[in-house]
Every structure is written in C-alpha cells, then in structure tokens.
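**Student:** Before anything else, here's the structure in question.
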Amino acid sequence: MSAPILEIDIDPVWGEQTDWEDLANRAAEATAQIAGELAHENLLVSLVMADDEEVHALNKQWRAKDKPTNVLSFPMLSREEVLHAARDTDAPGMLGDLILAHGVCTREAAEKGVSVEVHATHLVVHGLLHLAGYDHELGEAEAEEMENLERKALALMGIADPYAVED
C-alpha cells in the first residue's frame, strides 16, 4: 500500500518504549487506505513529535494562540494540488508539516482513558487529513466527513472510535 513518505523527528520527551516511527507510518498507511488521494509515495510529510513548549511557540507565532495544542498541521498544497498530485505520479510534493505536543497528547489520552500511543495515532490520522485538505472547522458536514474518515482509518488499525459517546 502506498502512503505519503514521513520524515520523522522525535523529541526525547516521547521516550523510547514505543516505536513512534512505526506507529506513525502505520497511521499514514491506514489513512491512505481511506483517503485515496494520500495513497501515493510522491507526497512527503514532515512529522515532528515535539514537546509542549515547541508547539506553544509555533501556535503563538502562526495561529496567534498563546498555548500549546495537541497537533498543528501546516499544509503546503491546496486541496486541488493534493488531488492533482494523486493523479500525476511525476509531481512529487511536500504535503506539509505535522507537529504533535507530547504533554497535551499525554493529558488528553488520560482524559479519554486511552493510551498515549492510541491518541497519538489518532492525531497523526487527523493531521494527515488536514494536510489533504479536509477541515472540520468549515462546518458540521465537513466535521462529520472528517470524523468518519478518522474512524475508518483507526478501525483498520484496530483502534476504537475516538468520538464514541460513553453513557
């Protein structure tokens, strides 16, 4: 299965107990299975698994939000360019950058009652969909479409629906 090529930089704060690179690559493969426009090795993604301070600084600089967030995505291609790249194997391109914040990810995972690995996987899938041009902030229909794609990709990896409401 083709998927974007990930160039991965992992801050030591993430620890060595998990093979984060393997986890991210499996997330990319699952995402490419459900979002065919990502099923191409001619797309490149920079993934940085950072600490909260780095994400805080980027979020403040680029989004004017003075706090860390779980994942930042910086697309380099428009939705139309992503779709064109999917049809044209001679058009390699930098899809964009993803940056995950360790502390935020760890706290959210605890709040959700899931492992950091499961939550980080969800954030990689979420971020890749953003880089492909999906945007849950455009409206309810777009949010539902993106969440459904996330559910499908995570299900391929044996991960439960992160949006399921518990009674």
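The values are calculated or read from the model by the stated rules, or taken from the named source; none is laboratory data. Bear in mind the structure is a predicted one, so any value in this text is a computation, not a measurement. Quick reminder, even Gly has a Cβ in these numbers, built from the backbone with ideal geometry, and neighbours come from all protein chains shown.
**Student:** Filter region 78-94 down to residues that are surrounded by 13 or more Cβ atoms within 10 Å (Cβ to Cβ) and small (Gly, Ala, Ser) and give me whichever is modelled with the highest pLDDT.
**Tutor:** Here the residue is GLY93.
**Student:** Same structure again: Please identify the pairs in which a residue from region 72-84 that is within 9 Å of LEU95 (Cβ to Cβ) has its Cβ atom under 6 Å from the Cβ atom of a residue that is part of a helix (DSSP H, G or I), counting only partners at least 6 apart or on another chain.
**Tutor:** Taking only residues 6 or more apart or on different chains, the pairs are PRO75/LEU131; VAL82/GLU37.
**Student:** Considering only residues that are part of a helix (DSSP H, G or I) and either on the phi > 0 side of the Ramachandran plot or of a type in the set (Gly, Ala, Ser) (or both), which ones fall in region 123-154?
**Tutor:** GLY127, ALA141, ALA143, ALA153
**Student:** Cβ-Cβ distance below 6 Å, separation of 6 or more or different chains: which pairs start in region 110-136 with a residue that is over 24 Å from ALA85 (Cα atoms) and end on one that is in a helix (DSSP H, G or I) and among the acidic types (Asp, Glu)?
**Tutor:** HIS119/GLU108
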